[in-house]
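Some notes on the structure that comes next.
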Amino acid sequence: MWSYLGWQSRDFVVERGVPLLIVATLMTFPIIMALRQSAGRVATSMQGASAARSAILQLFAEFALISVLIGINGVVSSDRVKGYYRFLFAKPVSIPRYYAQAYIVNGLGLLAAAVGVLGVIYALGYPVFPVRVLLMVALVYVSLGGLGFFYSTLARFDWVLMGGTWGVAQVLRAVYPAHESRAGKVIDVILPPFHRLRDTGLQLARGEAADSTTLLWLLVWGIAGFVIGLLILRRRPLAT
């Protein structure tokens, strides 16, 4: 299994590196320019660092979501659609273990990409490095990425199912608010709490105490999706 590690890392860089680079450039460049322009107008270095940190946190609140969608999309379904599974598993390799390793590799790759973005901002924008934003990226990957992994074991367009789940959850919560009806309370419990993902991630990135119930519920949804996906890979042939 370890011999596949290098190939999985290479696949991450080749298949997901370019989209991540494009997204990071488009999202980071305006922040860098704004930080460079405001650096000379800030009265104190403390004010500058605070403003820069706030801007970076808001950037990563959006970047984390988009990067996770790129990092998890097709993690299983692409091999099935393109027929790669025929030679990937020509040798007696555990399919669940292989894709569990791919999930971990992609997650570490996203964290490395986040470190790279922070490094570029530090070098070209403002010398502040809020390392806690990596907790935000990790939370989004585990919670939302776990659901994406589950969908990828079932269907080709897993990103559509992820977006559909997010959209349906938002609509149902808007139609049935939790504080107005019993149905709303039930819906708020059984649906994934992705509407709180951004705020919870920002709390972790700021070093604040996140709501433990929300944090636990997000992690449970993601880990459950990942585990169920592994069980599906164990039972369902990839050729189907």
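Below are the figures for this structure:
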{"item": "The chain: calculated mean residue ellipticity at 222 nm from DSSP helix runs of at least 4, using -39500 (n - 2.57)", "result": "-25000 deg cm²/dmol"}
{"item": "Within segment 74-178: Cβ-based charge dipole about Cα centre, in debye rounded to nearest 20 (Lys, Arg +1; Asp, Glu -1)", "result": "260 debye"}
{"item": "Proxy reagent accessibility, fewest Cβ within 10 Å first, across W2, W217, W7", "result": "W2, W7, W217"}
{"item": "Distance between segment 88-120 and segment 132-171 - C-alpha centres, whole angstrom", "result": "16 Å"}
{"item": "Simple Cβ-charge dipole of the chain, Lys/Arg +1 and Asp/Glu -1, about Cα centre, in debye nearest 20", "result": "480 debye"}
{"item": "Residue of R53, R97, R198 that the Gaussian network model of the chain assigns the largest fluctuation, springs spanning Cα pairs under 10 Å", "result": "R97"}
{"item": "Cα centre as origin, Lys/Arg/Asp/Glu Cβ charges: segment 110-240 dipole, Debye", "result": "360 debye"}
{"item": "Neighbour-count ranking [beta-carbon atoms within 10 angstrom, fewest first] of V189, V120", "result": "V189, V120"}
{"item": "Using a Förster distance of 45 Å, the FRET efficiency for A123-W2 (Cβ separation, nearest 0.05)", "result": "0.85"}
{"item": "Efficiency of FRET between K185 and E208 - r from beta-carbon atoms, R0 35 angstrom, step 0.05", "result": "0.85"}
{"item": "Table column - 3J(HN,Hα) (Hz), segment 108-113, Karplus curve with 6.51, -1.76, 1.60, x for Gly and Pro", "result": "5, x, 5, 5, 5, 5"}
{"item": "Karplus 3J(HN,Hα) series, Hz, for segment 91-107 with 6.51 cos²θ - 1.76 cosθ + 1.60 (x for Gly, Pro)", "result": "9, x, 10, 5, 5, x, 5, 4, 6, 5, 5, 4, 4, 5, 4, 5, x"}
{"item": "Relative packing of 103-112, 68-77, 29-38, which averages over residues the other C-beta atoms within 10 Å, highest first", "result": "68-77, 103-112, 29-38"}
{"item": "Spin-label pair I232/L216, simplified geometry with 7 Å Cα→Cβ offset, distance in nm", "result": "2.7 nm"}
{"item": "Simple spin-label estimate for F29 and A174 in nanometres, 7 Å along Cα-Cβ", "result": "3.2 nm"}
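Taken together, the values in this text are just the output of simple stated rules run on the coordinates, not laboratory data. Bear in mind that the values here come from a model prediction, so they are computed numbers and not experimental data. We place every Cβ from the backbone using ideal geometry, glycine too, and count neighbours over all the protein chains shown.
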